[in-house]
1. Select from segment 117-128 the residues that are surrounded by 21 or more Cβ atoms within 10 Å (Cβ to Cβ) and either without any contact (Cβ under 8 Å) to a residue 60 or more places away in the chain or of a type in the set (S, T, N, Q) (or both) and list them in ascending order.
2. Taking the condition of being more than 14 Å from Phe153 (Cα to Cα), surrounded by fewer than 17 Cβ atoms within 10 Å (Cβ to Cβ) and modelled with pLDDT of 90 or more, how many residues in segment 107-116 meet it?
3. Can you tell me which residue within segment 1-21, out of those that are of a type outside the set (Gly, Ala, Ser), in a loop (DSSP other than H, G, I, E, B) and modelled with pLDDT of 95 or more, is farthest from the chain's Cα centre (by Cα)?
4. What number of residues within segment 107-149 satisfy the criterion of being in contact with a Leu (Cβ under 9 Å, 6 or more places away or on another chain) and not polar (S, T, N, Q)?
5. Here is a list of conditions, (1) farther than 30 Å from Lys11 by Cβ; (2) touching a strand residue (DSSP E or B) at 6+ places or on another chain (Cβ under 7 Å), and Phe31 meets all of them except one; can you say which number that is?
6. When you look at Ala24, is it free of Cβ contacts under 8 Å to residues at least 60 places away in the same chain, in a loop (DSSP other than H, G, I, E, B) and farther than 21 Å from Leu93 by Cβ, yes or no?
7. Does Leu51 satisfy being more than 30 Å from Met85 (Cα to Cα) and either without any contact (Cβ under 8 Å) to a residue 60 or more places away in the chain or hydrophobic (A, V, I, L, M, F, W, C) (or both)?
8. The conditions are (1) surrounded by fewer than 17 Cβ atoms within 10 Å (Cβ to Cβ); (2) closer than 20 Å to Leu72 by Cβ, and Tyr156 fails exactly one of them. Which is it?
Amino acid sequence: MKRGFKVVSSKIKDGINLPRRQTANAAGYDFEAAADFTLPSIWKGNFIKALWTIHQQKKLTDADFIAADAPLKPYLVPTGIKAYMQPNEFLLLADRSSGPLKRRLVLPNGVGIVDADYYDNDSNEGEIFFQLINYGLRDYHVKKGERIGQGIFVPYLLADDEETPTAQRTGGFGSTKK
């Protein structure tokens, strides 16, 4: 087995579909949401208040900045899927072209990277989540089975004379901290 997808064990009975390409020449495998999920609009209360205060050239306190920043936090939308691949590959997560255009949903960092050693990690079995924000004016209700993003398997190269890291993955999403 070189590369592919499996449903995580906790969601095997949930009717999760494996990602698939929609056309013969598509590079990306479309991922679906594993459950209904509401992505709140970023244009909520404290964020708007802070923008109005800035527009009026008034000062914001640290507490104002923290409160205004809260709606900008991305949400992790579960897929119920894990991906296996070769050690010299990664799965690139990207927006579907219709996400921003029709639904106002985007990956805030532009892309996501799923490393080969994320598969079957102890923390979450390697379940892939799409980190999304909704910049539309209304909350967006993602339905189970709705396509939320795409994944593309990509090989990568190593630098000459690289000192190979010896650390092993110890967790799931965002676990490789220094």
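The values are calculated or read from the model by the stated rules, or taken from the named source; none is laboratory data. Note that the coordinates shown come from a computational prediction; the quantities given were computed from them, not determined experimentally. Please note: Cβ atoms are built from the backbone with ideal geometry, for glycine as well, and neighbour counts cover all protein chains shown.
1. Applying the first criterion (surrounded by 21 or more Cβ atoms within 10 Å (Cβ to Cβ)) to segment 117-128 yields 118, 126-128.
Listed by number, the list holds a single entry, Tyr118.
2. The first filter runs over segment 107-116 and keeps only residues more than 14 Å from Phe153 (Cα to Cα), leaving 107-110.
Okay, now just the ones that are also surrounded by fewer than 17 Cβ atoms within 10 Å (Cβ to Cβ), so 108-110.
Subsequent filtering for residues that are modelled with pLDDT of 90 or more retains 108.
Matching residues across segment 107-116 total 1.
3. Step one: filter segment 1-21 for residues of a type outside the set (Gly, Ala, Ser), giving 1-3, 5-8, 11-14, 16-21.
Subset that is in a loop (DSSP other than H, G, I, E, B): 1-3, 8, 16-19, 21.
Narrowing further to those that are modelled with pLDDT of 95 or more: 2-3, 8, 16-19, 21.
Details: Lys2: 23, Arg3: 20, Val8: 16, Ile16: 17, Asn17: 17, Leu18: 16, Pro19: 14, Arg21: 18 Å.
Taking the candidates together, the pick is Lys2.
4. At the first step, the residues of segment 107-149 found to be in contact with a Leu (Cβ under 9 Å, 6 or more places away or on another chain) are 107-108, 111-116, 118, 128-136, 139-142, 148-149.
Add one more test, that the residue is not polar (S, T, N, Q), and what stays is 107-108, 111-116, 118, 128-130, 132-133, 135-136, 139-142, 148-149.
Summing the residues that are in contact with a Leu (Cβ under 9 Å, 6 or more places away or on another chain) and not polar (S, T, N, Q) in segment 107-149 gives 22.
5. It is condition (1) that Phe31 fails.
6. For Ala24, the condition - free of Cβ contacts under 8 Å to residues at least 60 places away in the same chain, in a loop (DSSP other than H, G, I, E, B) and farther than 21 Å from Leu93 by Cβ - is met.
7. Numbers: more than 30 Å from Met85 (Cα to Cα): yes; either without any contact (Cβ under 8 Å) to a residue 60 or more places away in the chain or hydrophobic (A, V, I, L, M, F, W, C) (or both): yes.
Yes.
8. Unmet for Tyr156, out of (1) surrounded by fewer than 17 Cβ atoms within 10 Å (Cβ to Cβ); (2) closer than 20 Å to Leu72 by Cβ: (2).
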